[in-house]
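A short worksheet on the structure shown next.
The values are calculated or read from the model by the stated rules, or taken from the named source; none is laboratory data. Being a predicted model, the structure only gives us computed values, none of them experimental. Cβ sites come from the backbone with ideal geometry, for glycine too, and all protein chains shown count toward neighbours. We work out accessible area using only protein heavy atoms, side chains counted, and drop any ligands, DNA or RNA first. Shrake-Rupley method; radii C 1.70, N 1.55, O 1.52, S 1.80 Å.
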Amino acid sequence: MSPLRKLAALFRKARLDAEMAEELRAHFELRVERNIAAGMPPEEARYAAQRAFGGVEQIKERCRDERAGGLLWLEQTCQDFRYGLRSLRRNPGVTSTIVLTLALGIGGNATIFSVVDAVVLEPLPYADVARLVNLRETRPVAGGAGKRVPVPVSPATYFDWRNGVSSFEQIAAVQLNGFTLTGRGEPEQFAGGVITANLFPMLGVTPTLGRNFLPEENRPDANVVLLSHAFWRRKFASDPAVLNQAITLNGRPFTVVGVLPAWFDGAAAEGIARNVRAEVWTPLPLVEAGAPRSVPFWDVHARLRPGVTIENAQAEVDAVMRRLAKEFPQTNAARGAQVEPIVDRVLGEAQSSLWMLFAAVGVVLLIACANVANLLLARATLRGPETAMRAALGASRSRLIRQFLAESLLLALAGCALGLAAAAVSIGALDSLLPSALPRAENIAVDGRVLLFTVIVSLFTGIAFGLLPAWHGAKADLLATIKSGGRGGVRTRARSVLVVAQVALSLVLLVGAGLLLQSFAALNSVPLGFDSRNVLTLRVALPGEKYPAAAQQTSFFERLVQETQTLPGVEAATAVMPLPFSRPILNRPFSVPGRPVDLAEELATQYDIVTPEYFGAMGIRITQGRAFTERDGASAPFVIMINETLARRIWPGENPIGKRIAVGIGRPVEREVVGVFADFKQRELESEPRFTACAPLAQESMPSMYLAVRGRVSASTLLPLVRDRLAALDRDLPLTDVAMWHELVSESVAPRRMTTWLLAAFAGVALLLAVVGLHGVMSYSVAQRTREFGVRVALGANVRDLLQLVIGQGMRLVAAGLVLGVIGSLALTRVLGGFLFGVQPTDPSTFAAVFVLLAIVGALACWLPARRATKVDPIVALRAE
């Protein structure tokens, strides 16, 4: 040792001695104080402490021994890792296989956890989010056997809750609205929110610039506006002088009073506005007197008082709704209410789907661990003589276990690094599978939380797959190892158990994937009731200041449809509001004149406003009566068309043509049924047909309509022509929500598509790992039994006998795994029930197909080692022994 190193060692020893002495004095004085507190005289207390400590020098010596022991343990641990690294480098094939297997499991877990963390686990950025709730009214589904659906809240009910529910510290309302910005380049249309002044303070949203709304600004003439951070950046180039500037929205001047923070863009804002990304926010006029009670169009949020639970608030809201049902039976007899955490409102069904995928990828990791444990058990068997020799030379069992675990942890950390790299790549590839409506999807990334999770999972994984090989490897006995030639029956049994577990877990995943694939196929085969192919859709909104009269609005859209039909390449065009599978939806209550009203059942229908060309252009079949014509104008008798479901429910066994229904609230308008059309899907493919009614645009104008254009050629190429034709009619009108109709339909099943394909991918990986594990066990078994096979061949065994022997041994493992897997799958189907459509959770065809698939694949995995057994030369085998 060099003089400098010796000097450094002396300084370290002196420093350690000083630290030990200081520790000793502190502990000694603490013991004296405790003895005095126990009632001992001071001298006796000090003497007792000295006896307990055994003297200063003995304590110093003990501390030195403990420190030396700790340093020795650290040195031995480093030695174990260095030896493990050299050992793994000497076996690159096995090491690479293990690392790649772990990377599959760890990378899949990191990928799915990054999605779960960003979407579900990351707290919403609202202040004290645990006390925030969403409130909705509920109404019965006509003919739904007691089923209720949530709907927005009527203004009158909002005021009733605000005045009559003490569980809420604050209660706020939001109304969605469309805005058209003019005067700043090209006209632009976007969504906005109209809110009560207390909403943002209740959520803890403080503007980056300016201020929030004032309570006195919740009035009709308050022309102030708050801008989202993204809108401010896009339209004003992040200009801090935007405050007090005037902008024109829907033809009215508004003064900018604030800019909201950047974190409020995205899901934080969408969560309070029905998943619509609002760009601007204006005050909601609050007029309690005469507030409508039948029209539900507000989203309501509240903050619970400290100590109040959701159950308490639900009970109090229910009491208010029962009171309103008695006071206003015509509008509230069938109404209920629902209080839920705002987190559930924001995330919706995404939570359950993501947790299911997270569980599935966890199963894949378990299978990967079993596979790696199998490989390490085989490796531990081959290293039996080495391990036994180390034990004979004095290595303790704990030291041998530590050596094996050190190698396992090195493998796990290598798999962790490769898995993180795979996760970073996979997240980019996930974009094509993630539904556009998935909340907070923009936050998905491999960040510090994902890194910490992956490292922890990797460490636990290393211990999980390394413990069994370490335990068996450390039990090596030199004499027994020499006698057995390195064979280990216990290890063989352990490897067989792991294979059975792999097969069982693989079957569980394959059954789940098979059920979801069948469900997804059944969903995609559901008839739409219309032809969405090659149809371009877009939305046009007319500003009320420029088109205030109903006749002006109707005339514009009729001209737009007529002009569009003349464009080259256009086969048909029509206008409709709302467009099936688009975001907005219109519901209208209705009644049948002359028929008693059942207050316990609230009749409401999906209400579409269409031009006469709608049914022919979209391929919707008319089953009775006629479609609308140009004669169904504003001065003609009011008419309506209904779907088959509504006709069967209201007039069972009767001809509905010529019957009348009254649509609307307050003063309902009676309309004559002139036609019945076939049911078609409105929003979800899996939903049962709903009541649907259509009214002609000429008799019920709308300021905003969807234009649907069917092309003879690719409809996507028609957009420039449509834009030019619209500009010729009114150059200040923007086009929004441009999409191909089949894309809207496809997007409606995007969450199911994501869940199905990811689970199918995980099941495929699980199957591959299980096959590799089974093949490895059978190959190892054949290698162990070489002498036995040689003897059998020498005694007259033929190829068929050996094949039956080896394949039979492997298929017994497969059969055991299949039985356990079926039991596990039956438990899984209880969880999957809510995700399935058109297939039973215990569908026998799926179970049978997966059962046969695993049996065939298992047989193939056994066949290759069995073939190797048939080629054993008895002379060579016996000579080798």
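Some points to look at:
- The residues of the stretch 303-315 include none that are out of contact with any strand residue (DSSP E or B) (no Cβ under 9 Å at 6 or more places or on another chain) and buried (at least 19 other Cβ atoms within 10 Å of the Cβ).
- The number of residues in the stretch 229-257 being charged (D, E, K, R) and over 19 Å from Pro734 (Cβ atoms) comes to 2.
- Residue match in the stretch 535-547 (condition: at positive phi, touching a residue at least 24 places away in the same chain (Cβ under 8 Å) and in contact with a strand residue (DSSP E or B) (Cβ under 9 Å, 6 or more places away or on another chain)): no
- All positions within the stretch 737-753 that are open to solvent by less than 10 Å² (accessible area, probe 1.4 Å) and either closer than 26 Å to Leu104 by Cβ or among the aromatic types (Phe, Trp, Tyr) (or both): Trp741, Ala750
- Checklist (1) modelled with pLDDT of 90 or more; (2) not in a loop (DSSP other than H, G, I, E, B) applied to Asp679, failing item: (2)
- Only one entry of Val713, Val738 meets the criterion of being assigned to a loop (DSSP other than H, G, I, E, B), more than 25 Å from the chain's Cα centre (by Cα) and over 30 Å from Ala861 (Cα atoms), and that entry is Val713.
- Scoring Tyr126 on the criteria (1) within 28 Å of the chain's Cα centre (by Cα); (2) assigned to a helix (DSSP H, G or I) leaves a single failure, condition (2).
- Scope the stretch 327-345; condition charged (D, E, K, R) and either at pLDDT 90 or above or surrounded by fewer than 16 Cβ atoms within 10 Å (Cβ to Cβ) (or both); matching residues: Glu327, Glu340, Asp344
- Ala445 under 17 Å from Ile106 (Cα atoms), in contact with a Gly (Cβ under 6 Å, 6 or more places away or on another chain), of a type in the set (Gly, Ala, Ser) and modelled with pLDDT of 85 or more: no
- Exactly one residue among Val194, Val149 is at pLDDT below 95, surrounded by 18 or more Cβ atoms within 10 Å (Cβ to Cβ) and not in a loop (DSSP other than H, G, I, E, B), and that residue is Val194.
- Some residue of the stretch 352-366 being under 15 Å from Leu467 (Cβ atoms), assigned to a helix (DSSP H, G or I) and modelled with pLDDT of 80 or more: yes
- Index of the failed condition, Asn244 passing every other in (1) open to solvent by less than 60 Å² (accessible area, probe 1.4 Å); (2) at pLDDT 90 or above: (1)
- Every condition in (1) buried (at least 21 other Cβ atoms within 10 Å of the Cβ); (2) part of a helix (DSSP H, G or I); (3) at pLDDT below 85; (4) within 41 Å of the chain's Cα centre (by Cα) holds for Thr481 except the one numbered (4).
- Between Val257, Val300, the distinction of being open to solvent by less than 40 Å² (accessible area, probe 1.4 Å), in contact (Cβ under 8 Å) with a residue 12 or more places away in the chain, closer than 30 Å to Pro435 by Cα and not in a helix (DSSP H, G or I) belongs to Val300 only.
- Flag for Ser687 being of a type in the set (S, T, N, Q), over 25 Å from Arg649 (Cα atoms) and within 36 Å of the chain's Cα centre (by Cα): no
- Single residue of Leu860, Leu853 found to be under 25 Å from Leu377 (Cα atoms), part of a helix (DSSP H, G or I) and at pLDDT 80 or above: Leu860
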